[in-house]
Structure formats: structure tokens, C-alpha cells
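Q: Below is one structure. I have some questions about it.
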Amino acid sequence: MAGVIVVGAGVVGLSCAVRLLEAGHRVDVVARDLPLETTSSVAAALWYPYRAHPVERVTAWSRSTYTALGTLASDERTGVRMLAGTEVLHARTPDPWWKTAVPSLTRVESLPAPYPDGWTFVAPVVEMGVYLRWLVGEVDRLGGTLTRMALSALPDRADVVVNATGLGARRMAEDPSLTPVRGQVVYVEQVGLDRWWLDGSVPVYVVPRSRDIVVGGTDDEGEWDRRVDAAAASGILARATELVPELAGARVVGHRVGLRPVRPEVRLEVEQPAEGATRVVHCYGHGGAGVTLSWGCADEVARLVGPG
Ligand SMILES: Cc1cc2nc3c(=O)[nH]c(=O)nc-3n(C[C@H](O)[C@H](O)[C@H](O)COP(=O)(O)OP(=O)(O)OC[C@H]3O[C@@H](n4cnc5c(N)ncnc54)[C@H](O)[C@@H]3O)c2cc1C
């Protein structure tokens with residue numbers, strides 16, 4: 001039985017921990033921020049392969065995650081639901097590159113101006129507060145541990161270390177290609193919305209949850225500031241209300257900001273160790289799609305680590 005340390009308790013680290021525990025490993029998760037304090041807890045979290053590369057691997061990971069989340073949606077304790085929604089487009093557009101990751105995607109011909117094109121599909125929508133708690137419960141149920149610990153370097157005393165530190169990998173893997181892309185969201189009261197809406201060009205997204213609606217967003221390249229910007233929040237609400245008029249007058253119940261860990265390509269690979277050194281599996285740089293890629297990446301990490 002190999003002892004695995006997973007560094008990071010966002011959606012990526014916790015999903016990896018679950019798959020490694022299921023494969024029979026002893027797993028300890030250590031993280032500076034506990035799950036509800038992570039970027040993952042800010043995610044909207046609509047299944048959508050946004051700002052993650054490369055195309056082939058992202059499509060495959062997204063497809064696996066779609067299936068896994070679809071299965072979890074049958075248990076309401078997970079916080080996962082399958083919801084139909086619409087992506088609006090400002091020009092006639094070919095099918096999306098990730099089309100094969102969803103079971104069906106239908107063109108919508110009758111959208112009002114200014115949208116000449118669009119498509120609709122059923123996608124997993126994940127209520128992250130509920131889901132991250134459920135993932136922690138799974139880690140615990142399967143015999144893993146979760147400990148708060150800020151590290152200055154990856155541990156060197158385990159059989160295997162999984163580096164799931166998100167943006168923290170800039171330091172943990174000395175990887176300057178990882179950059180923050182700041183995203184701000186506004187939470188409004190549920191006004192009876194049961195479909196998601198997306199306009200990727202701005203971006204605008206409206207994602208209904210059980211008690212509230214996540215309304216986004218912003219996409220600020222290289223911006224580290226995690227304070228809520230009141231002017232940005234007004235802009236987000238104004239743009240979203242144009243797309244989804246039912247939001248007009250909805251009561252605002254909260255605001256959050258997160259920093260997407262964007263990288264030219266997701267890094268999921270084994271770093272070949274020097275003789276006798278700890279084997280490291282890197283799994284970070286999921287951009288705006290960490291939830292969307294989570295189970296596909298966790299499956300691959302478990303394959304790379306091997307059987308317990
Ligand atoms: C506004 C917004 C909306 C989003 N919407 C969606 C969406 O709809 N769908 C979707 O799929 N994705 C979405 N995302 C993207 C998604 O949130 C990220 O891709 C995802 O959270 C990355 O997960 P992660 O586990 O890699 O990183 P994180 O959640 O950031 O977790 C990293 C973990 O590593 C730990 N760590 C870092 N450094 C150290 C250290 N030195 N020592 C110990 N621990 C350390 C942290 O404490 C944390 O526990 C959104 C993001 C934002 C900001």
C-alpha cells in the first residue's frame with residue numbers, strides 16, 4: 001500500500017484523494033486553505049470547458065467528468081443537478097470543440113436579437129458548498145485525512161505526492177506560466193429560475209442553485225486582487241439582467257471573488273524523480289474548468305500513481 005500525500009483541498013485535490021482511496025491507497029490531504037476557503041468554492045459551477053487546454057485531453061476529461069457528475073446527480077446530498085440551459089452566440093458559430101463531451105447539443109434558432117445563434121444542452125450544475133462538504137465526507141468515509149498546513153515546498157517523505165495546489169503551484173512547482181484570472185460573482189435570491197444561461201463573449205453566466213443564483217462574471221487577466229469591486233458587481237448584474245430579464249430587482253445576497261489558475265495547458269504528468277526521491281504527480285492549471293475536468297483528471301492521476 002503506497003502512502004500518498006495530496007497537497008491541495010480544492011475540487012481537484014479532493015477528487016484525486018477520493019479516486020486514490022478507492023484504488024486502495026493510504027491518502028492524507030494537506031492544504032493551506034480548507035475546501036470552503038478555496039477558489040473551488042467560488043466556482044459557479046456549471047460544467048463547461050472554459051479556459052483550459054489542450055483540446056483533446058480537456059475534451060476527454062470533460063466527458064468523463066460529465067458522466068461521473070451525472071451519476072452523482074441521482075443523490076441529492078451531493079449538491080449536483082443536471083440542468084438544461086442555453087449558450088447565446090453573437091455570430092453564426094460552428095459546433096463547439098468540446099461537442100463530443102456532451103450526449104446532445106441542440107441549436108436554438110429562435111433567440112431574440114442580438115443573438116443570431118446559440119445552443120442548448122443539459123449540463124451538470126454543482127452547488128460547491130454542498131459538494132465540497134460531500135467530497136470531504138467521502139475522503140473521511142474512505143479512510144483518508146484532511147489537515148490544514150501551509151507548505152513552503154512539496155513534501156519529500158511520501159511514496160507519492162500529488163500536487164493539486166491550483167494557483168499555489170506557481171510557487172510549489174516554480175511554474176511562472178500559471179497566471180491568475182480574477183473572477184467576481186454576485187449571488188442573488190432565487191427568483192424561480194430553473195435553467196442556466198451563458199454568454200461566453202463577455203462573459204455573462206447565470207447559474208441557478210437551490211436557494212440562490214450565481215451571476216457572473218469577470219475575467220481579469222493577471223489580476224491578484226481578491227477584494228469585491230462594487231462597480232464590477234453593478235456591471236455584472238446589469239449585463240446579466242439584459243440576458244435574463246427575470247433577474248430584474250432580485251435581492252443581492254452576497255459577493256465573492258476567486259482567482260482562476262490559468263496555464264497554457266493543464267499540467268497533469270509525473271515528474272520523474274531522482275534516484276530514491278519522492279514521485280510527484282502534478283495536477284494543476286485547470287483555468288476556468290476545474291470542476292468540469294475534476295473526475296477525468298482524478299481518474300488519470302489514479303492511473304499514473306498505479307494500484308494501491
Ligand atoms: C468566479 C469563478 C467562477 C468559476 N466557475 C466555474 C465553473 O462554472 N465551472 C468550472 O468547472 N470551473 C469554474 N471555475 C474554475 C474553478 O474554480 C477552478 O478551476 C478550480 O477551483 C481549480 O481547483 P483546484 O483544486 O485546482 O484549486 P483551488 O480550489 O484553488 O485549491 C488549491 C488548494 O491548494 C492549496 N494550496 C496552495 N498552495 C499551498 C501551499 N503552499 N501549501 C498547502 N496548500 C496549498 C490551497 O490552499 C487549496 O486548498 C470558476 C472560477 C472562478 C474564480
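Q: Would you tally the residues in the stretch 90-105 being out of contact with any Ser or Thr (no Cβ under 8 Å at 6 or more places or on another chain) and surrounded by 13 or more Cβ atoms within 10 Å (Cβ to Cβ)?
A: Here the count works out to 4.
Q: Any residue at all in the stretch 285-295 that is modelled with pLDDT of 95 or more and more than 13 Å from the ligand (Cβ to nearest atom)? Show your work before the answer.
A: From the stretch 285-295, those modelled with pLDDT of 95 or more are 285-295; that's our starting set.
From what is left, the residues that are more than 13 Å from the ligand (Cβ to nearest atom) are none.
Scanning the stretch 285-295, I find no residue that is modelled with pLDDT of 95 or more and more than 13 Å from the ligand (Cβ to nearest atom), so the answer is no.
Q: Consider residue 222 against the criteria (1) touching a Ser or Thr at 6+ places or on another chain (Cβ under 7 Å); (2) surrounded by 18 or more Cβ atoms within 10 Å (Cβ to Cβ); (3) at pLDDT 95 or above; (4) within 27 Å of residue 281 (Cα to Cα): it satisfies all of them except one. Which criterion is unmet?
A: (2)
Q: Scan the stretch 254-272 and tell me whether some residue there is surrounded by fewer than 14 Cβ atoms within 10 Å (Cβ to Cβ) and under 17 Å from residue 213 (Cα atoms).
A: Looking through the stretch 254-272, at least one residue is surrounded by fewer than 14 Cβ atoms within 10 Å (Cβ to Cβ) and under 17 Å from residue 213 (Cα atoms).
Q: Which residues, counting only those in the stretch 172-196, are within 14 Å of the ligand (Cβ to nearest atom) and free of Cβ contacts under 8 Å to residues at least 12 places away in the same chain?
A: 174
Q: Still on this model: Evaluate the stretch 44-54: report whether one residue or more is in a strand (DSSP E or B) and near the ligand (Cβ under 8 Å from one of its atoms).
A: Within the stretch 44-54, one or more residues are in a strand (DSSP E or B) and near the ligand (Cβ under 8 Å from one of its atoms).
Q: Another question, if that's okay. Among the residues of the stretch 71-98, which ones are part of a helix (DSSP H, G or I) and either among the aromatic types (Phe, Trp, Tyr) or in contact with a Phe, Trp or Tyr (Cβ under 9 Å, 6 or more places away or on another chain) (or both)?
A: Within the stretch 71-98, 72, 77, 78 qualify.
Q: If you don't mind, there's one more thing I want to ask. For the list (1) crowded, with 16+ Cβ neighbours inside 10 Å; (2) more than 30 Å from residue 105 (Cα to Cα); (3) modelled with pLDDT of 95 or more; (4) over 17 Å from the mean Cα position of the chain (by Cα), I need the number of the one condition that residue 158 fails.
A: (3)
Q: Could you please let me know if residue 158 is of a type outside the set (Lys, Arg), within 30 Å of residue 270 (Cα to Cα) and touching a Phe, Trp or Tyr at 6+ places or on another chain (Cβ under 6 Å)?
A: no
Q: Tell me which residues, restricted to the stretch 80-110, are hydroxyl-bearing (Ser, Thr, Tyr) and out of contact with any helix residue (DSSP H, G or I) (no Cβ under 9 Å at 6 or more places or on another chain).
A: The initial filter retains those residues of the stretch 80-110 that are hydroxyl-bearing (Ser, Thr, Tyr), namely 86, 93, 100, 104, 106, 110.
Across the stretch 80-110, the qualifying residues are 86, 93, 104, 106, 110.
Q: Just the residues that are of a type in the set (A, V, I, L, M, F, W, C) and either buried (at least 24 other Cβ atoms within 10 Å of the Cβ) or at pLDDT below 95 (or both), please, taken from the stretch 47-59.
A: Matches in the stretch 47-59: 47, 52, 58.
Q: Continuing with this model, one more query. Based on this model, can you work out whether residue 278 counts as out of contact with any Cys (no Cβ under 8 Å at 6 or more places or on another chain), surrounded by fewer than 18 Cβ atoms within 10 Å (Cβ to Cβ), among the polar types (S, T, N, Q) and touching a residue at least 40 places away in the same chain (Cβ under 8 Å)?
A: So residue 278 fits the description; yes.
Q: Determine whether residue 68 is out of contact with any helix residue (DSSP H, G or I) (no Cβ under 7 Å at 6 or more places or on another chain) and either among the small types (Gly, Ala, Ser) or part of a helix (DSSP H, G or I) (or both).
A: Considered against the rule, which asks whether it is out of contact with any helix residue (DSSP H, G or I) (no Cβ under 7 Å at 6 or more places or on another chain) and either among the small types (Gly, Ala, Ser) or part of a helix (DSSP H, G or I) (or both), residue 68 comes out as no.
Q: Let me confirm something: among 67, 59, 38, 78, which residue is among the β-branched types (Val, Ile, Thr), under 20 Å from residue 263 (Cβ atoms) and more than 7 Å from the ligand (Cβ to nearest atom)?
A: Within the list 67, 59, 38, 78, the selection yields 59.
Q: Taking the options 107, 19, 26, name whichever one is away from the ligand (no atom under 16 Å from the Cβ), under 23 Å from residue 131 (Cα atoms) and either among the aliphatic types (A, V, I, L, M) or at pLDDT 95 or above (or both).
A: None of the others qualify; the one that does is 26.
The values are calculated or read from the model by the stated rules, or taken from the named source; none is laboratory data. Computed from a prediction, not measured in an experiment: that's the story for all the values here. Methodologically, a virtual Cβ is constructed for each residue, glycine included, from the backbone with ideal geometry; neighbour enumeration extends over all protein chains shown.
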